[in-house]
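One structure below.
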Amino acid sequence: MSTAKIDYKNIYYPPGGILIWILIFLELITFSAALIALAVYSRENPAAYHSSRLLLNSTYGAINTLFLLTSGFFMATSMHQLKAGNYDKSTFYLKLTMLGGVLFLILKAIEYSGKISHGLTIGYDTFFTFYWLLTLFHVIHVLVGMIILVSMYFSIKKKKENTSIEDAEAGATFWHMCDLIWLILFPVLYLIF
Amino acid sequence: MKRKDIYTLGVLFILTILTALFSNLENIKYVAFIILALSGIKFLFVAFQFMELKKAHALWKGLIIGLIVFFIGAISLIVQ
């Protein structure tokens, strides 16, 4: 495992690498633009958006927020352990990170099945079109993040020489990006209308 | 485990609970802005502490702060 000292203060080397941060900004801008569009559409018929918003279970949303935040905490801890050369502890916290992701996906699946059984599908109204598109797009990010975490887990487990700390940081940064996206999705979709 | 990360997680939990409490107060003016602002603070805690953006060049810090401030401002202005 390469643990060469990285100068994060260098403009080209933010933690995780410049490419992942460019990706993060593109993702955040995309989700922000979609949420702003949702807010603009809501002005046409605020009462309908309020009614639709009340059909969402904000408790599920809040619990999922806690799952992702806790998962992010374990991800950060796993990276600290990795940098300290504690591979076993790092993989242990990585497993807890993945558990957070799995719990998030299970609760999301329960939420989705409830919505589908009540007929609240993508074509129900404009609010639910946004809800399905944005949350499913986020779920895809979480699934990709899970694949990256599994790959990181086996890479650290085998202590592969070609796995650099920068690669691991990039994977961790991608996982944190899922938190960031959820932190802007949750209040707008579940709470403010 | 880093003590700062544990404190950060505690603050994030408290902010999430506060957000849930504020979302039940429908008759308060600017409730949408308060909810978004609390979420914005959580966003910055995750970015700066968990993603270690605090160690990065000022440009990256400025960009992430600018993005979240613009987002909260835009949504608040449209929804109010």
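Within straight-line reach of B:Lys42, meaning a Cα separation under 15 Å, sit the following aspartates and glutamates at least 8 residues removed in sequence or on another chain: A:Asp179, B:Asp5, B:Glu52. Under a 5 Å amide H cut-off, with hydrogens placed 1.01 Å from N, A:Ile6 pairs with nothing among residues at least 5 apart or on other chains.
In chain B, the convex hull through the Cα atoms has an average projected area of 5.6 nm², a quarter of its surface area. When a 1.4 Å probe is rolled over the protein heavy atoms, the share of accessible surface on the protein assembly as shown that falls to carbon and sulfur comes to 69 percent.
Taking only the C-alpha atoms of the protein assembly as shown, the Rg (one decimal) and the largest Cα-Cα distance, Dmax (whole number), read 18.7, 59 Å.
Probing with 1.4 Å while keeping every protein chain in the model, the per residue accessible area of the stretch A:18-191 equals 41 Å².
Across the alpha-carbon atoms of the stretch A:29-157, the computed radius of gyration and Dmax are 17.9, 56 angstrom. Remark: chain B carries 52 Å² of accessible area per residue (probe radius 1.4 Å; ligands, DNA and RNA excluded). Once A binds B, the 1.4 Å probe can no longer reach about 3900 Å² of accessible area, counting both sides. For the residues A:Asp88, B:Asp5, A:Asp125, a 1.4 Å probe over the protein chains yields an accessible-area ranking, largest first, of A:Asp88, A:Asp125, B:Asp5. Residues of the stretch A:67-91 that bury at least 50 Å² of accessible area once all protein chains are present, compared with their chain alone (1.4 Å probe, heavy atoms only, ligands and nucleic acids left out), are A:Leu69, A:Phe73, A:His80.
The values are calculated or read from the model by the stated rules, or taken from the named source; none is laboratory data. As the structure is a prediction and not an experimental result, all values here were calculated from the model. For accessibility, only protein heavy atoms count, side chains too; no ligands or nucleic acids. Shrake-Rupley method; radii C 1.70, N 1.55, O 1.52, S 1.80 Å.
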